[in-house]
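The values are calculated or read from the model by the stated rules, or taken from the named source; none is laboratory data. Here the structure is a predicted model, which is why all the values come from computation and not from measurement. Because the Cβ atoms are built from the backbone with ideal geometry, glycine has one as well, and the counts that use them run over all protein chains shown.
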Amino acid sequence: MKHLWDIHFLLLSLLYLLGAVTSQVNPGVCRYPLGMSGGQIQDEDISASSQWSESTAARYGRLDFEEGDGAWCPEITVEPDSLKEFLQIDLRSLHFITLVGTQGRHAGGMGNEFAQMYKIKYSRDGSRWISWRNRQAKQVIEGNRNAYDIVLKDLEPPIIARFVRFMPVTDHSMNVCMRVELYGCEWLDGLVSYNAPVGEQMTLPAYPVYLNDSVYDGAVIYSMTEGLGQLTDGVCGLDDFTLSHVYNVWPGYDYVGWNNESFPSGYVEIMFEFDRIRNFTTMKVHCNNMFSRHVKAFRQVVCYFRSDSDWEATPLSFSPVVDEKNPSARFVTVNLANHMASAIKCQFYFADSWMLFSEITFQSDTAMYNTTLSPPKTGLPPTQPEDDPTHKVDDSNTRILIGCLVAIIFILVAIIVIILWRQVWQKMLEKASRRMLDDELTASLSIQSETFGYNHNHNHSSTTGEQESNSTYERIFPLGPDYQEPSRLICKLPEFAQSSEEPASSSTAASKSTTATAAQDGVPHYAEADIVNLQGVTGSNTYAIPALTMDLLSGKDVAVEEFPRKLLTFKEKLGEGQFGEVHLCEAEGMQEFMNKEFLFDITEDQPVLVAVKMLRSDANKNARNDFLKEIKIMSRLKDPNIIRLLAVCIYSDPLCMITEYMENGDLNQFLSRHEPEGQLALLSNAPTVSFSNLCYMATQIASGMKYLSSLNFVHRDLATRNCLVGKNYTIKIADFGMSRNLYSGDYYRIQGRAVLPIRWMSWESILLGKFTTASDVWAYGVTVWEILNFCKEQPYSQLTDEQVIENTGEFFRDQKRQIYLPQPVLCPDSLYKIMLSCWRRNTKERPSFQEIHKALQEMEP
Ligand code: ADE
């Protein structure tokens, strides 16, 4: 898996280098944390106007981090109207930034400084700084109300920049500290500015339509220079340009438009400047075509290219068909025929009295030979070798092509060498670790009670290592998959510590690499969660379990026994995944091997049916490690609604987990085969499930989740596909990971980097990577929705994956534009109310599993 990931990553990097990954930015989806909290932004790229002390330096201004004294704090008190202090982030390349997050200094309760308001400045070249203002020209952004809660703000319009400054603003003299994050994605268009004539005003009989570029961030005098604005804000205009209701702004807002009469030449000239020389494939111009108002897309465009100081003599010309039938706004694609350029000047010819553009995007293959090209005209400081030219270019296509091929071959050879080298290394590691792992397991899982005493430090260091390297979510959502809202934890964890049999030892807390300042006073900090991969043979899911729970789980009183493999008789294959298979087996004499409190409803010497999860014998070290961890955790989960581990075979390969067999398979398939009771089912003779049994199943899931949440165990992938059905509608929660083909459509491959069950995920899990019991509650609401629809429809089936993510943004904004899953036909209002409460924006307002369970018990007919 790791190799595949590496190859994937390298290929992506390769594609990226070649510039093949070009796209028009979608502001609804482009909302990834850019690396303050995840660490991808290096300390040296975070600077500040001043610092209070070494321990409140700029590098401590990372959102959700508690290192140093807990935040960046400027040297002096911030005075009203003095905009001297700032925290600056250098993203190293241009980014499209859609969202910002801020937090104050909490420092485990020691700090209470935060910025109530702030402004943002940004720069693309490090020298010209622009003040961000919203669409109503307001610069001040409302910040934090306390020192711990993260406050997120949408940037509308978004920013295209490399450098961003956060500038605290106060209304009275006060101490301010900040932690921040930027969210967005790389700006692959590479456009740093466009220069164009100022947009004009159209006078309609009823009202004027302002077609100026109201968010242009360059100079606007007679023309617009050196800036970006509405043509690059990712928002396409409506078909009817007189309606602009999207941001409660004036008619014509979405468009920049010009009147033919103001241009005797018959064309509007726009010049585009780029970050470096690029190989352009296409330009897409989003044009209005409302011919009833004398607006049409352009009839011809003539483009000139400049790769060094001179413009190429021969321009490129393209004449789209003038459309007088369809009034829809549309993207007109212009083939730029692989011209190499760092600037393009296009003359757009009027086809009617008016020409209105809302977006212009460029698709380019990043020039591979930037090292031999002339410097970018835009003056971005050179940070990469390609920005540091030494030679002059020969732009003959053949040379470039040969050069590209040589580079590709070189990179492919490098990839192969790296992979081979890693494989050899991995093999060596595996050999060495195998013995260690076996020893550890023999020690930890043997029934001799004295061997159950876990070495906490060992346990933690291994799981912490896992957190750094193996958490799928963490790679994409660097805020940390185990994040829990600090405000909630402040009161929760001490209670937990008191009730736990074995309070976390200070050495345990101290041993964590992710641990921040908080454990000093013995009160565990939320960042102390260990990520445990319950990566069964069929999947690769990742669970978050707080360290304390790990300790609790590793108590001396629980374990499973080694089962003699020869007493298992294979019956059939139940499932298959990346790391192995699940078999239905008969187990002889299983009773003897099981914990006494677990009683089968069969007689002593009868063989019992069990599900045997087997790890492929050639599985790598990580998979093996995860399998063993899953055993550790599962052996200690004891609840009637959680799938139960009965015994293991770990003395020899292949490693096996023996779990109870649930004869009706997973709940999704089970319900898909059934129909609601009623006329229709009678006619079709289909098997039915009564409403009361549906409720019974939903109640059992709530009960299982109540148990998991009492251990602070976050499931992260609760869905009908991960619940098993036994006799008489009994339900047990399991987790099969994400690799079963049958359900691949339920997982979204995010930026090609990881798979996520987005249709079951809360807004904060998708946008911030926050996985908590509250996000499990959200998923529970979706699971109940599936149940009441008999799993006949995927949640939000009418939305594409991208639209689901956009809808998540609406949940975040909470301006009543979010789409909720509809009330299923069978679902009474009372139950739908519970589902809606699971999808409340504020995590604290969602019910607990205890409350849900109680409400459902009371509701059951
Ligand atoms: N498929 C995977 N695990 C199973 C189990 N425990 N029971 C039934 N089917 C399964």
| Residues of segment 609-648 that turn out to be in contact with a helix residue (DSSP H, G or I) (Cβ under 8 Å, 6 or more places away or on another chain), more than 15 Å from Val582 (Cα to Cα) and within 12 Å of the ligand (Cβ to nearest atom), as a count | 1
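Residues checked against (1) farther than 13 Å from Asn668 by Cα; (2) of a type in the set (D, E, K, R):
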residue	(1), (2)
Ala702	yes, no
Tyr707	yes, no
Asn712	yes, no
Asp717	yes, yes
Thr720	no, no
Cys723	no, no
Asn728	yes, no
Ile733	no, no
Gly737	yes, no
| said: Among the numbered criteria (1) under 19 Å from Glu359 (Cα atoms); (2) more than 33 Å from the chain's Cα centre (by Cα); (3) surrounded by 19 or more Cβ atoms within 10 Å (Cβ to Cβ), which one does Glu269 miss? | reply: (3)
| request: Residues being part of a loop (DSSP other than H, G, I, E, B), surrounded by 15 or more Cβ atoms within 10 Å (Cβ to Cβ) and of a type in the set (Gly, Ala, Ser): count how many of those fall in segment 25-49. | output: 5
| Within segment 313-328, can you find the residues that are among the basic types (Lys, Arg) and closer than 10 Å to Ala351 by Cα? | none
| said: Exactly one condition in (1) within 16 Å of the ligand (Cβ to nearest atom); (2) at pLDDT 85 or above; (3) not small (Gly, Ala, Ser) is false for Trp760; which is it? | reply: (1)
| message | For the condition under 17 Å from Pro157 (Cα atoms) and not hydrophobic (A, V, I, L, M, F, W, C), what is the one hit in Asp239, Asp233? | response | Asp233
| query | In segment 289-309, is there at least one residue being more than 15 Å from Asp189 (Cα to Cα), in contact with a His (Cβ under 8 Å, 6 or more places away or on another chain) and of a type in the set (A, V, I, L, M)? | reply | no
| note | Restricting attention to segment 649-687, the residues that are farther than 22 Å from Leu568 by Cβ, away from the ligand (no atom under 16 Å from the Cβ) and surrounded by 15 or more Cβ atoms within 10 Å (Cβ to Cβ) number exactly 5
| said: I'd like the residue in segment 272-301 that is among the charged types (D, E, K, R) and either part of a helix (DSSP H, G or I) or within 39 Å of the chain's Cα centre (by Cα) (or both) and, out of all such residues, is farthest from Ser353 (Cα to Cα). | reply: Arg276
| Does Ala698 satisfy being surrounded by 19 or more Cβ atoms within 10 Å (Cβ to Cβ) and more than 16 Å from the ligand (Cβ to nearest atom)? | yes
| In segment 167-211, which residues are under 30 Å from Glu79 (Cβ atoms) and of a type in the set (Gly, Ala, Ser)? | Ser173
| note | Screening Ser131, Ser173 for residues that are in contact with a strand residue (DSSP E or B) (Cβ under 9 Å, 6 or more places away or on another chain), among the small types (Gly, Ala, Ser) and either in contact (Cβ under 8 Å) with a residue 60 or more places away in the chain or under 18 Å from Gln51 (Cα atoms) (or both) leaves only Ser173
| Members of segment 60-99 that are charged (D, E, K, R), under 32 Å from the mean Cα position of the chain (by Cα) and either farther than 30 Å from Asp189 by Cα or surrounded by fewer than 21 Cβ atoms within 10 Å (Cβ to Cβ) (or both) | Asp64, Glu66, Glu67, Asp69, Glu85, Asp90, Arg92
| query | Do we have any residue at all in segment 796-808 that's buried (at least 24 other Cβ atoms within 10 Å of the Cβ) and of a type in the set (Asp, Glu)? | reply | no
| field | Residues (touching a strand residue (DSSP E or B) at 6+ places or on another chain (Cβ under 6 Å), more than 19 Å from Glu793 (Cβ to Cβ) and part of a helix (DSSP H, G or I)) located in segment 702-726 | value | Gly704
| query | Does Tyr748 count as surrounded by fewer than 21 Cβ atoms within 10 Å (Cβ to Cβ), farther than 26 Å from Arg673 by Cβ, within 13 Å of the chain's Cα centre (by Cα) and of a type in the set (Ser, Thr, Tyr)? | reply | yes
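If we only count strands (runs of 3 or more DSSP E) wholly inside segment 139-199, which ones have 1 or more residues that are at pLDDT 90 or above and more than 26 Å from Ile221 (Cβ to Cβ)?
Output list reads 151-169, 179-186.
Can you pull out every residue in segment 208-225 that is out of contact with any Ser or Thr (no Cβ under 8 Å at 6 or more places or on another chain) and either among the aromatic types (Phe, Trp, Tyr) or not in a loop (DSSP other than H, G, I, E, B) (or both)?
Of everything in segment 208-225, those that are out of contact with any Ser or Thr (no Cβ under 8 Å at 6 or more places or on another chain) and either among the aromatic types (Phe, Trp, Tyr) or not in a loop (DSSP other than H, G, I, E, B) (or both) turn out to be Pro208, Tyr210, Tyr216, Val220, Tyr222, Ser223, Met224.
Got at least one residue in segment 590-597 being touching a strand residue (DSSP E or B) at 6+ places or on another chain (Cβ under 7 Å), away from the ligand (no atom under 16 Å from the Cβ) and at pLDDT below 85?
yes
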| task | Starting from residues that are among the polar types (S, T, N, Q) and touching a residue at least 60 places away in the same chain (Cβ under 8 Å), keep the ones in segment 81-99 and report whichever is nearest to Ala115 (Cα to Cα). | result | Gln88
